[in-house]
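The values are calculated or read from the model by the stated rules, or taken from the named source; none is laboratory data. If you're wondering where the values come from, they're calculated on a predicted model, not measured in any experiment. FYI the Cβ positions are ideal-geometry reconstructions off the backbone, even for glycines, and counts take in every protein chain you see.
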Amino acid sequence: MSRGYLWRRVVYGLITLFVIMTLNFVIFRIMPGDPVSLIISPQFTPEMKQLLIERYGLDKPLLSQYFLYLQSMLTFDFGRSFVTRQPVLGELLSRLPNTLMLLGTSFLLNVFIGVWLGIKMATRQGSRMDTAITGVSLFFNAMPAFFIGLLLLLAFGYYWPIFPIRGTMSVPPPTEFWAIILDRIHHLVMPVTAVTLSGYGSWYLYVRNNMVSALGQDFVLTARAKGLPQREVLYRHAFRNVLPPIVTLVFLSLPGLITGAVITETIFSLYGVGRYLVDATLQQDYPVVQGCFYIIALAVLVCNLLADLVYGLVDPRIRLR
Amino acid sequence: MVRKLLAFVVAMSLLVSGAALAQDVAWDVKGPYVDEIILPIIMDQEARIIAIQRGDIHVNPGLTQPSHINRLMADPNIEITVSPGYHMFYLGFNMRRAPLNDITVRRAIAHAINRDEIILSLFEGYMLPLAEFVPPASPFFNPDTDVAYYDPELAKQILDDAGYIMGPNGVRIDPATGQELRRMTIMTPTMEVAATSAMLGEMVAETLRGIGLPVYAEPIDFNVLLDRLDTDLGGDRDFDMYALAWSLGRFPTHLYSLFHSKFDVPGANNMPGLRDAQFDAAAERVWTPRNLDEAMDAAYEAQEILSWLQPYVPLYSRPYMDAFRKDIVTGYVPHLGFGAASNVLNSIWTPLNIRLVDQERGGTVRWVLEQEPQGLNILTHNSAYDSRIFGLVYGPGLIAAEPINNEDLPWEAERWEVGTWTTPEGNEGTKVTYWLRKDITWHDGVPFTAHDVKFTMDYLKEKQVPLYLEVWENYSHSEIIDDYTITVYFNNVSYWYTYNVQSFLAKHIWEDVEDFEAFVPWREPHPTVPGLTKMIGTGPFVFKEYVVGEYVRVERYEDFWAGLDK
């Protein structure tokens, strides 16, 4: 991989980031209404609205707001939320651990279960087991996460109440280290299960289909003809061929870990980024949505770049220039 | 009147099975009985229902969904209290454009809508029909208002008599143009945002088409809806009708702020565009009464005028339905207009009186928070969830309202006297003198005095705190007579100023706070008392802990002036 290629990608990434930042600013300004008009109360007078507009800095000319916005994005000082009046970065960072814990765990489980099952079922294509697992995976994949969440809530929160139904800790929380760890895991079981059940199916189907295709290729036939053990044929030849797009997919999925899972977060009362972002968008809380979308855009660009770089490493046939 | 009563009975008969009504309840000004209240945050409604059935929480306020109410009513361990609320859901008109600028059309629409059917089909009876502009829970409700009751035949007759005769296509003819009436819409939030509002829009539109008015529901994005209601189009607005709700207060001042012609401007709340000199005069008297009798007279008159002019068709009022684990807690107090557990900032009675069934004093009550608090700063908050904590920590303030009839109850002020003074500009102003209790202390033990009241009022004005504009915009100054007596001066006359005077900022904590928006009192440790934060009040509970995303915990204040041992 040449250094020139790397720099070109970085420059393209920065241009894309600038365009995203500008759109990010413009979109919320051209949306109907403004953060102040969303406060509806008989006591809320035009004078009060004007005071808030001034306090939020929305009385300044748009161009001046835009430059202030660019400055705040580049310095990672996203300002204060219009709603809570707290610094956006602090609020975002305080929500990130829960989101990463939920989505990171589910992501690992999705990839592990999906890839493992996909490989296994590709070798048993057409068997009863393959039909059953593919059917179940399709079923869960088609089910919305909130529906699975509610079913889990009813099943294991109400009828057979073995799991907690809210938050990430007991109230009040335990004080001993291992008790805290176990308590956290206990609280995460249902939300992680909900996200995993609704998410592993797509990985499974992708890997299974690619593996079925790879297993029919001439190089696999050759490997088998050479008398190589099944395990080696499967993992060193067929799977190696499927690996590059999976790695790409993994990297492209990583930004999703910080965008949150709004419905699962709501059902299980998790203090996460998803709910924060959706609430802020509905309330037109500009500093929050701008800050969050900026971070997400950065994550997408970085992960895209990483995916390109790693692709070359896992597939020796690819040489980037 | 008979029809109104019938509708009320239908709704209430569905409500009362297994429910406790306010009149039956005993309450005391002394308390609290429990040692602590823990408020776990549970955002999902279904999860809250499961949580109270499991016993994870003991108090679940603000039930709204019939399926949840039915489920909890069937649970022998749960009691639901019902309190008529200060709430109004209504159909609003754009009175600037034809044919809705014609009073006969608006009155015909008011007669055509069947509130009972809406309430029974959309809410299984768990709402109270409302035809007046002040909810019945308010002492300012005028029971003799001549409202437009449900009578579809009368609705048709009114339209016929006004010349809106039925055309060949089932659409009435506009007498002004000789053409069929134009297509009109009712804007509502979408099904995803507010399902019952969207369905209500469909129901009302279908009803109105039945009397020959070409009206169709228009569910739209909530931001767009608000934008269209507010945007001035050269003297018009871009809507015909809309369906929305207001949360109202104890006093009828909304009659002024929602309908006075002064507020028919963008950014204000007179969306229908009502402009009526006779009403304006009555509304101004509602806004600036010299005493409660004058306010009552003005409110009665304003309601009568509004019922005739019909800028809205009020449809229903939401009662507060709060669920309690009756096998675990008792002593909850339904408060007329505020509920037993829904509005702690306005109603301290349940926190003071609630106790565990199996022990007279002590123990922990778990009272759910439906959303994350939005910062827990009393000067910047605007959510009901922050207010619940503020109610526990700061208490009702100088004057409380008793729960049965909402009459004034001396709280931090033992008594008060309202008078007038002449401002430096020569105008007549209001002055209110408060005699404070001498046994009140802040949670850190510092005495609560007139200096704190003056400081609070001065601070709000000096910092121009937006949320309290109504409090400080006409505030002139305060005069401390002695440590426990203060006179507060306002620049014009209104009896409501009596209730505007605030006392929640501890001078010794807040006097060093320059930027009140950046200040997070619950995060900063108290300068002298270990275990406390700077979020201190004079209320019955001391703020102890807020684990973000998880729960808030408050403890009984040992030296609370109305404590059980005082």
Among strands (runs of 3 or more DSSP E) completely within the stretch B:468-558, the ones holding 2 or more residues that are under 30 Å from A:G272 (Cα atoms) are B:541-547, B:551-556
Q. Can we say A:D285 is more than 20 Å from A:P144 (Cα to Cα), assigned by TED's automatic domain parsing to the domain that holds A:V192 and crowded, with 19+ Cβ neighbours inside 10 Å?
A. yes
Flagged pairs (Cβ under 7 angstrom, 6 or more apart or on separate chains; first in the stretch A:45-70, over 23 Å from A:L23 (Cβ atoms) and at the interface with chain B (Cβ under 8 Å from one of its Cβ atoms); second polar (S, T, N, Q) and not in a helix (DSSP H, G or I)) are A:L51/B:Q464
Checked the stretch B:30-74 for anything aliphatic (A, V, I, L, M) and more than 10 Å from chain A (Cβ to nearest Cβ); matches are B:V34, B:I37, B:I52, B:V59, B:L63, B:I69, B:L72, B:M73, B:A74
All conditions in (1) of a type in the set (F, W, Y); (2) modelled with pLDDT under 95; (3) buried (at least 18 other Cβ atoms within 10 Å of the Cβ) are true of A:Y158 except (3)
With criteria (1) within 13 Å of chain B (Cβ to nearest Cβ); (2) modelled with pLDDT under 90, A:T264 comes up short on (2)
Within the stretch B:264-278, of all residues that are within 21 Å of the chain's Cα centre (by Cα) and among the small types (G, A, S), the one nearest to B:P311 (Cα to Cα) is B:A268
Within the stretch B:221-242, residues being over 20 Å from A:Q283 (Cα atoms) and not hydroxyl-bearing (S, T, Y) number 10
Flagged in the stretch B:28-65 as assigned to a loop (DSSP other than H, G, I, E, B), of a type in the set (V, I, T) and at pLDDT 95 or above, in numbering order, are B:V34, B:I42, B:I57
Checking A:G260, A:G227 in turn, the sole residue that is within 30 Å of A:R184 (Cβ to Cβ) and of a type in the set (G, A, S) turns out to be A:G260
Residues of the stretch A:239-274 being at negative phi and surrounded by 24 or more Cβ atoms within 10 Å (Cβ to Cβ), in sequence order, are A:A261, A:T264, A:E265, A:I267, A:F268, A:L270, A:G272, A:V273
Note on the stretch B:296-355: residues among the aromatic types (F, W, Y) and in a loop (DSSP other than H, G, I, E, B) are B:Y332, B:F338
Being more than 14 Å from every other protein chain (Cβ to nearest Cβ), touching a residue at least 24 places away in the same chain (Cβ under 8 Å) and part of a loop (DSSP other than H, G, I, E, B), is that true of even one residue in the stretch B:82-94?
yes
For B:W435, the lone unmet condition from (1) surrounded by fewer than 21 Cβ atoms within 10 Å (Cβ to Cβ); (2) away from chain A (no Cβ under 14 Å); (3) more than 23 Å from B:R290 (Cβ to Cβ); (4) among the aromatic types (F, W, Y) is (3)
Expected single match for aliphatic (A, V, I, L, M), over 23 Å from B:I52 (Cβ atoms), within 14 Å of another protein chain (Cβ to nearest Cβ) and surrounded by fewer than 18 Cβ atoms within 10 Å (Cβ to Cβ) among A:L93, A:L182 is A:L93
Among the residues of the stretch B:412-442, the number that are touching a Leu at 6+ places or on another chain (Cβ under 7 Å) and touching a residue at least 40 places away in the same chain (Cβ under 8 Å) is 2
Pairing a residue in the stretch A:111-138 that is not assigned by TED's automatic domain parsing to the domain that holds A:Y235 with any residue that is of a type in the set (D, E), where Cβ atoms lie under 7 Å and the two sit 6 or more apart in sequence or on different chains, gives none
Determine whether A:F107 is surrounded by fewer than 18 Cβ atoms within 10 Å (Cβ to Cβ) and not basic (K, R).
-> no
Residues of the stretch B:527-543 being crowded, with 17+ Cβ neighbours inside 10 Å, touching a residue at least 60 places away in the same chain (Cβ under 8 Å) and over 28 Å from the mean Cα position of the chain (by Cα), in sequence order, are B:L532
- prompt: If we scan the stretch A:180-187, do we find a residue that is in contact with a helix residue (DSSP H, G or I) (Cβ under 9 Å, 6 or more places away or on another chain), over 30 Å from B:E36 (Cβ atoms) and assigned by TED's automatic domain parsing to the domain that holds A:L298?
  reply: no
Within the stretch B:253-265, of all residues that are surrounded by fewer than 21 Cβ atoms within 10 Å (Cβ to Cβ) and under 13 Å from B:M95 (Cβ atoms), the one nearest to the other protein chains (Cβ to nearest Cβ) is B:D264
Going through the stretch B:227-252 in order, the residues found to be in a loop (DSSP other than H, G, I, E, B), surrounded by fewer than 23 Cβ atoms within 10 Å (Cβ to Cβ) and of a type outside the set (A, V, I, L, M, F, W, C) are B:T231, B:D232, B:G234, B:G235, B:D236, B:R237, B:D238, B:D240, B:G249, B:R250
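Condition check ((1) among the hydrophobic types (A, V, I, L, M, F, W, C); (2) closer than 27 Å to B:W367 by Cα) across all residues:
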{"residue": "A:L152", "(1), (2)": "yes, yes"}
{"residue": "A:F156", "(1), (2)": "yes, yes"}
{"residue": "A:R166", "(1), (2)": "no, yes"}
{"residue": "A:I181", "(1), (2)": "yes, yes"}
{"residue": "A:Y204", "(1), (2)": "no, no"}
{"residue": "A:A214", "(1), (2)": "yes, no"}
*Out of curiosity, is B:A295 among the aliphatic types (A, V, I, L, M), surrounded by fewer than 24 Cβ atoms within 10 Å (Cβ to Cβ) and either under 17 Å from the mean Cα position of the chain (by Cα) or over 30 Å from B:T196 (Cα atoms) (or both)?*
yes
Condition set polar (S, T, N, Q) and under 21 Å from B:R106 (Cα atoms), scope the stretch B:143-176, selection surrounded by the fewest Cβ atoms within 10 Å (Cβ to Cβ): answer is B:Q157
Scanning the stretch A:3-41 residue by residue, those more than 14 Å from chain B (Cβ to nearest Cβ) and among the small types (G, A, S) turn out to be A:G4, A:G13
Quick check on B:T190: is it outside any loop (DSSP other than H, G, I, E, B) and at pLDDT below 95? no
Reported set for the stretch B:220-254 where residues are at pLDDT 95 or above and among the small types (G, A, S) is B:A243
Here the residues within the stretch B:195-221 that are touching a helix residue (DSSP H, G or I) at 6+ places or on another chain (Cβ under 8 Å) and farther than 24 Å from B:A98 by Cβ are B:T196, B:M199, B:L200, B:M203, B:P219
How many residues of the stretch A:113-155 are surrounded by fewer than 14 Cβ atoms within 10 Å (Cβ to Cβ) and not in a helix (DSSP H, G or I)? The answer is 4
